[in-house]
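One structure below.
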Amino acid sequence: MTATTGTAGTPAGIAEPQVAEDRYARFYAAQARSGTLRRIYREAYGEDYPEEIDPFGFVTRADLARVGELVGLAPGGTLVDLGCGRGGPGLLVAREHRARLVGVDVVPVAVADAARRSRELGRAGARFVVGSFTGTGLPAASADAVMSIDALWMVQDKPAALAEVHRILVPGGRFVLTTWEPEHVDHRALLTEAGFELEVREETPDWLARQRAVYAGITAAAGELAEELGAEGAEVILTEAQQAPRVLAGTPRLLLAARRRRP
Ligand SMILES: C[S@@+](CC[C@H](N)C(=O)[O-])C[C@H]1O[C@@H](n2cnc3c(N)ncnc32)[C@H](O)[C@@H]1O
């Protein structure tokens, strides 16, 4: 879900380049079973929690509305969601724009669940594929817009990831994302170097208090979470919940929108 330290891969895990990019596989296999995790987010976010899409990360209704506003898609355009997880955020933004959706994630169980949920949510035309930020397998200039929620922080080779976003995006198309920015990562410089112009850089509303509240809720409910998710499924979020709060204040959660420069 987000940034922590050490093995759990977060602000210091963001600072920790050896985080396994597929480390959420066991969690994803069980997420749908955890009413406790949904309760924790509901209590921390109130009405801003988009419970119906069961996201994994810290996305809010306000974030999704802002992403929707910034992607700049015409109806029927193609939206690619990188690090889509179980698909919810991309499905919601695509529905709003009547866009075609392609979701990409490194975890096969999440991609399979996203395809199943897209049928449940009435988006049978959406497509989900196993792939990486650094190698999506999608054709060049095939996306009218690219979005990504709380995923880029996990990617070890960010220049390669941004080069891939640039390749799949049409010239003039937008890349809109949320991620965390530790001191040693300069997204503006990375995006500029990759051929983008950064147009929006803002902290997401109230992110720190909410994230702390979620971590406190996870720690307090360790027993129930282990029961619902299984010990291995729960481990990754319990570790993050213990480690992330120490480094969170210096690792803002940002919403960024960048335009692919025209040749
Ligand atoms: C915190 S989750 C967010 C999932 C989803 N965007 C959401 O908000 O519900 C981060 C996602 O990034 C994916 N991820 C990590 N490294 C990746 C990579 N190199 N390429 C594609 N996806 C990656 C993870 O598997 C995970 O699904």
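The values are calculated or read from the model by the stated rules, or taken from the named source; none is laboratory data. Nothing here was measured: the structure is a model prediction, and the numbers come from that model. Every residue, glycine as well, gets a Cβ built from its backbone with ideal geometry; the counts of neighbours run over all protein chains shown.
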For this session: Kindly provide the set of residues from the range 56-82 that are at pLDDT below 95 and within 16 Å of the chain's Cα centre (by Cα), ordered by number.
Result: GLY57
Problem set entry | The one condition in (1) surrounded by fewer than 19 Cβ atoms within 10 Å (Cβ to Cβ); (2) out of contact with any Lys or Arg (no Cβ under 6 Å at 6 or more places or on another chain); (3) within 28 Å of ILE168 (Cβ to Cβ); (4) without any contact (Cβ under 8 Å) to a residue 60 or more places away in the chain that ALA194 fails to fulfil | (1)
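Kindly indicate the residue of the range 42-64 that is of a type in the set (D, E, K, R) and closer than 19 Å to ILE237 by Cα and also nearest to the ligand (Cβ to nearest atom) among those meeting that condition.
Taking the range 42-64 first, the residues of a type in the set (D, E, K, R) are 42-43, 47-48, 51-52, 54, 61, 63.
Now drop any that are not closer than 19 Å to ILE237 by Cα, which leaves 42-43, 51, 54.
Working: ARG42: 16, GLU43: 19, GLU51: 12, ASP54: 8 Å.
That would be ASP54.
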For this session: For residues that are touching a residue at least 24 places away in the same chain (Cβ under 8 Å) and either more than 18 Å from ARG39 (Cα to Cα) or hydrophobic (A, V, I, L, M, F, W, C) (or both), tally how many sit in the range 219-239.
Result: 9
Exercise. Restricting the range 159-181 to residues that are crowded, with 19+ Cβ neighbours inside 10 Å and of a type outside the set (A, V, I, L, M, F, W, C), which is farthest from the ligand (Cβ to nearest atom)?
Worked result: GLY173
